[in-house]
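The values are calculated or read from the model by the stated rules, or taken from the named source; none is laboratory data. Note that the structure is predicted; figures quoted are calculated from it, not measured. Because the Cβ atoms are built from the backbone with ideal geometry, glycine has one as well, and the counts that use them run over all protein chains shown.
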Amino acid sequence: MRRLVALALAALLAGCSAPDDRPTIVVQRFFGECGAVYGNSTDVAKAETECGILTTLINRFEAENPDIRVKVNVVAWPGYPQLAAQMAAGDPPDLVTMHQSVISDYSSRGLIEPVEPLLTEAKIDPATFTPAARAGVEKQGKLYGMPWDTIGRLFHINTELMAQAGLMRDGKPVLPNSPEELLAQARQFKARTGKPYLIQAQVSAPDFTVAFLYTYLLAQDAPIFPDARHIKLDTPQARAIVTLMRQIDAEGLTTTNQDFPAATAAFTQGKGGIFPVGTWMLGPYDAEAARQGSPIKGHYAVAPFPRLWGTAAPFVDGHAWVVPAAKRSPQERAAMARFLAFLSHYNLDWSRTGQLPAFAAVLAKPEFRGLPHREDIAALSRTGKQLPGYVERQSAVQGLIGEELEAAITGTKPVDQALKDAERRVNQLYAQMM
Amino acid sequence: MSQNRLSPLVTVLLLIGAAIMLMPMLWTLLLSFKSNAALMADSGSAFMPPWTLENYAAIFQGSLTTRWLVNSLIVSTGATIGVLVLSSLAGYGFARLEFPFRRTLFVIVLLGLAVPEQAVILPRHQLFAMLGLHNSYPGLILPSLTGSFGVFFMTQYFRAIPPELDEAALLDGASRFTLFWKVLLPLTWPAQATLGVFTFLGSWNDYWWPLISATTSDYFTLTVGLASAQMNYAQTSGLGFLMAQAVFASIPILVVYIAFQKQIVSAMAGTAVR
């Protein structure tokens, strides 16, 4: 019995350790968990994928900064229900990954802090952000996060099918410059290849169609959100865009009845010419185009959305690191500043994910320009447009607009009616907001 | 015997219905044995070799998966035991004891059946925050104990037991507790099993409350943990892993269902309450 008690005491003492008085920062992120592969990795240059690169970056920060304790919370995408719960409970994390389009939901309620003081302490000059990245974190004249990248929509192009359709010139895809040209090229493509010009996700993918609408409304300087509580969609510009989308569908120039996974697979199987989807598919498709036996082997190119109306102004979003409002010690703030400085130093590595860098200097680096297809899409960082900083509830708003667009594009509802209904529903949502 | 035999037409219809219901599960299982890359290229490749266990290996290589599994077991078991104890006691009280406002209280309990969880989630979250219960096992278990269904279910079961048993036991000198513990409770085994199974399944599958109460990875349950482990666009570039997660998370449920299928079927058929 004595031996047992002694053993228990020994075990208890072994479990005790000196208190850890290092400043602790709680980093909360999405992008998944990949500890199995990258749990001990600190070689950032060798890491792949969003999860792999970020996990490795945090490991490296911990290795290089042993005087700081980092606690990482990996949350289910997109992590906002948990963040809201943590804020309500008065126990928010210190640094959080957030989509730039969501920042205003939190900044307008004082739930996240302006980060200028932290950026100053981290010696990060906001003037070094790309225009698109800065616009994503600037709300009412203040910076509410350190931008981490810019996400844009691209035309992912099957160049073999485009060549068959006679739509390649000097090794580059020929893209339209007007709605009429788009329809003409799409008809030519279908006639020569027997396949649809576009591959689209039209089922349960509201952001897919909304990005198309926003892009071409922004290109025409149409006032989508005239103020913080109203949307304007019942406009000639919006009607022209959605009518084009409906026309494409009605003439069978696109795949139909596909959700996002099905559309993604359809492109890799060479079932259509162009898949208008985000920068995040650049990496996986580039890998697929290098794989022996792939239907798109050696036949893959990307380009920003073509300029169909007005100016080139693709709708973009991005990721940022934000700071939930909370009391923190100077030591904790200093640790957070060091973390942000460290991350900014590795923005080039992050851009290997396919997203565009948030820092202009990285954009100009030969290492970035040397990455596959980056020369073709770098302009997004300059031309990309964010929604005005006062616009809130984008997730819900895009869901409502997407439902109406889906109805209009598939012919379930007349275009005029769908746009009127979308405008009414979104304005109702805003009217109900506190 | 012949009266119980199904006609060929009914048998065929049932087989078709069963096949339709089984199809998504078989599809999930099949996808879980294919590599993510193969499925991104063509999900139809699931029907052809090579198949692989790499998605299942990836689940176990996740640094916290075992912890999330243990968390789910602790939370589901704790909730099940708590619900059984409280519901049995309350059910016995409502069915057998006379006390002031008994009917009113029972009506209040019944009203609880009509209140969806979403309606109380905010005050509950704030209450738990004030009490410092978030990111703890009690924080994950306690909300399950307030469900009205168990109390209603056990009350009905106790009511169905002939009161003559009480009278006989009391005449023999049994106390109220002895009557409850030694005479009536053993008779409620079928109801206890049914309620226990449903509570365990409900707690195991719960996603919303653990999502907002357990905000640090150490206290994630399996449902929340596996969701957090998914990379963005998992449905396109990580389909095999996603399906393996679904299969893995449902294995304990399958075991519970197989072990208690008699009780579940009788509950579904409405025969658990006599």
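Taking A:Asp67 as the residue in question, decide whether it is over 26 Å from A:Phe359 (Cα atoms), assigned to a loop (DSSP other than H, G, I, E, B) and within 14 Å of another protein chain (Cβ to nearest Cβ). So A:Asp67 does not fit the description; no.
Among residues of the stretch A:81-97 that are within 19 Å of A:Met146 (Cβ to Cβ), those with a Cβ under 7 angstrom from a residue that is charged (D, E, K, R) and in a helix (DSSP H, G or I), sequence gap 6+ or separate chain, pair up as A:Asp94/A:Glu332.
B:Gly139: within 14 Å of another protein chain (Cβ to nearest Cβ), modelled with pLDDT of 95 or more and either more than 20 Å from the chain's Cα centre (by Cα) or assigned to a helix (DSSP H, G or I) (or both), yes or no? Spelling it out, B:Gly139 is indeed within 14 Å of another protein chain (Cβ to nearest Cβ), modelled with pLDDT of 95 or more and either more than 20 Å from the chain's Cα centre (by Cα) or assigned to a helix (DSSP H, G or I) (or both).
Here is a yes/no grid of residues against (1) touching a strand residue (DSSP E or B) at 6+ places or on another chain (Cβ under 9 Å); (2) assigned to a loop (DSSP other than H, G, I, E, B); (3) within 14 Å of chain B (Cβ to nearest Cβ); (4) crowded, with 21+ Cβ neighbours inside 10 Å:
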{"site": "A:Leu83", "(1), (2), (3), (4)": "yes, no, yes, yes"}
{"site": "A:Tyr106", "(1), (2), (3), (4)": "yes, no, no, yes"}
{"site": "A:Arg134", "(1), (2), (3), (4)": "yes, no, no, no"}
{"site": "A:Thr150", "(1), (2), (3), (4)": "yes, no, no, yes"}
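For the stretch A:285-296, filtered to residues that are within 11 Å of chain B (Cβ to nearest Cβ) and part of a loop (DSSP other than H, G, I, E, B), the residue that is surrounded by the most Cβ atoms within 10 Å (Cβ to Cβ) is A:Ile296. When you scan the stretch A:297-317, do you find a residue that is at pLDDT 90 or above, over 24 Å from the mean Cα position of the chain (by Cα) and within 14 Å of another protein chain (Cβ to nearest Cβ), even just one? Yes, the stretch A:297-317 has at least one match. Looking at B:Leu39, B:Leu73, B:Leu31, B:Leu64, just one residue is more than 14 Å from chain A (Cβ to nearest Cβ) and either surrounded by 10 or more Cβ atoms within 10 Å (Cβ to Cβ) or free of Cβ contacts under 8 Å to residues at least 12 places away in the same chain (or both), and that residue is B:Leu73.
Would a scan of the stretch B:192-208 turn up a residue that is without any contact (Cβ under 8 Å) to a residue 24 or more places away in the chain and either on the phi > 0 side of the Ramachandran plot or of a type in the set (A, V, I, L, M, F, W, C) (or both)? For the stretch B:192-208, residues without any contact (Cβ under 8 Å) to a residue 24 or more places away in the chain and either on the phi > 0 side of the Ramachandran plot or of a type in the set (A, V, I, L, M, F, W, C) (or both): absent. Which one is surrounded by the most Cβ atoms within 10 Å (Cβ to Cβ) among residues in the stretch A:356-370 that are farther than 20 Å from A:Thr49 by Cβ and touching a residue at least 24 places away in the same chain (Cβ under 8 Å)? The selected residue is A:Phe359. Of the helices (runs of 4 or more DSSP H) lying entirely inside the stretch B:164-238, those containing at least 3 residues that are farther than 30 Å from A:Thr264 by Cα and within 14 Å of another protein chain (Cβ to nearest Cβ) span B:208-213.
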